[in-house]
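Have a look at the structure below before the remarks.
The numbers here are math on the coordinates, done by the rules we state, and not lab data. Predicted model only: the values in this text are computed from it and were never measured. We place every Cβ from the backbone using ideal geometry, glycine too, and count neighbours over all the protein chains shown.
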Amino acid sequence: MSNDALLEAVTRYTDAQPGDGPYLTPVKGVMILRSNREKQPSHLIFKPALCIIVQGAKWTIFGNQRFHYRAGQALVVSVEMPAVGRVVEASRTEPFLGIVVEFDLAVMRDVFEGLATTEGAIHPEAGANGESAHGVFVTDFDGPLADCALRLMRLIGTPQAIPMLYPSIMREICYWLLTGPRAADVAAIVLGNSHAHRVVSVIHSLRNRFAEAVRIEELALQAQMSPSSFHRQFKTLTSMTPLQYQKQLRLLEARRLMLTDAANAETAAFQVGYESASQFSREYARMFGAPPRRDVVTLRAAAG
């Protein structure tokens, strides 16, 4: 299938929507992206998802790794984690267009378990090149996966068919990822006894307890690993250390509290677990490029 058909379908959908994206769709977990201009970096928390670029280009940073991807490629995120992203190729005549499809990990696990054990069986502990599994990677997006995306776009236009047909499209997306060149990186997240899966269980715990003081030894015990092995596996999977992950969660939540709940900087700092307002202000400025008050004023002005 030509990617031109997918571009035409996404363009037709976004042309019928008001303003710039993102646009929610009738399909739960599926969002369409559109931007008519290059944008400033934005901070967000990625859920496990397939992030398809249909037109234009973007970069996304997870920890110390920057991923560049453009039309014909997709970013695969198999672990929930904070990131910063920027659209770097977009214009009014050729806007940035993308599709985000959140994974159903229960379906991913079911498809994995249903794959027959063959000579080319998936070995979840070994990612690309025999390394430990990575939670983020860029892959070419064509062939069967692009066909899935086109059928998904057609499905969005027929909401009554979504409950019956979308589950099969999700299963097919999972199948092609689990039998593709980065299969091990995807499979490691859903296989219960893999190192990656145990790290993911700790990530879920950190998401719920980010305001609490945590110790590496405690997290390693939860993952049933030595502290050094846990630290290494966590960084390989997420491109950041456990404490860096926790810090980014804290700062993102503090920013949300100031923007949506009108909390002041000191209140937000203490709510997310900081004991020192000055330390919070320093780390906030380092992450977002401006101290809390100025950053919030700028964001509100940009939002109109």
Find, among the trypsin sites (Lys or Arg not before Pro) in the stretch 1-104, those assigned to loop by DSSP (not H, G, I, E, B) with at most 11 other beta-carbon atoms within 10 angstrom.
Lys28, Arg37, Arg92
Let me check against my output: what whole-number percent is the relative contact order of the stretch 128-184, with C-alpha pairs under 8 Å and at least 6 apart?
42
What is the spread of the Cα atoms of the stretch 44-117 along each of their three principal axes, largest first, in whole Å?
46, 27, 18
Under the rule of -39500 (n - 2.57) per DSSP H run of 4 or more residues, summed and divided by the residues of the chain, what mean residue ellipticity at 222 nm is obtained, to the nearest 500 deg cm²/dmol?
-15000 deg cm²/dmol
For Arg282 and Ser42, what does the FRET efficiency come to when R0 = 22 Å and r is the distance between their Cβ atoms, rounded to the nearest 0.05?
0.55
Stretched out fully, how many nm does the piece from Leu243 to Ala5 gain, at 0.36 nm a residue minus the Cα gap?
81.3 nm
Before anything else, pin down the relative contact order of the chain: Cα pairs under 8 Å, at least 6 apart, normalised by residue count, whole percent.
16
Virtual paramagnetic centre 7 Å along Cα→Cβ of Asn64, amide N under 18 Å, in the stretch 215-254:
228-248
Identify which of Ala196, Ala262, Ala49 has the largest mean-square fluctuation in a Gaussian network model of the chain, with springs joining Cα atoms closer than 10 Å.
Ala262
Using each residue's phi in the stretch 263-273, evaluate 6.51 cos²θ - 1.76 cosθ + 1.60 at θ = phi - 60° and report the 3J(HN,Hα) Karplus result to the nearest Hz, with x for Gly and Pro.
6, 7, 4, 5, 4, 4, 4, 5, 5, 9, x
Of (1) 18.6, 61; (2) 20.1, 59; (3) 19.5, 71, which one was derived for Rg and Dmax of the Cα atoms in Å from the structure shown?
(2)
Return the loop-located GluC sites (Glu not before Pro) in the stretch 208-267 (DSSP other than H, G, I, E, B) with at most 15 other Cβ atoms within 10 Å of their own Cβ; answer none if there are none.
Glu212
At 7 Å along the Cα-to-beta-carbon direction for both Lys28 and Arg207, put a label point, then send me their distance in nm to one decimal.
1.5
Only Cα pairs under 8 Å and at least 6 apart count here; give the relative contact order of the stretch 189-243 as a rounded whole percent.
31
D (Stokes-Einstein, µm²/s), Kirkwood Cα radius, the stretch 245-303, 0.692 mPa s at 37 °C:
296
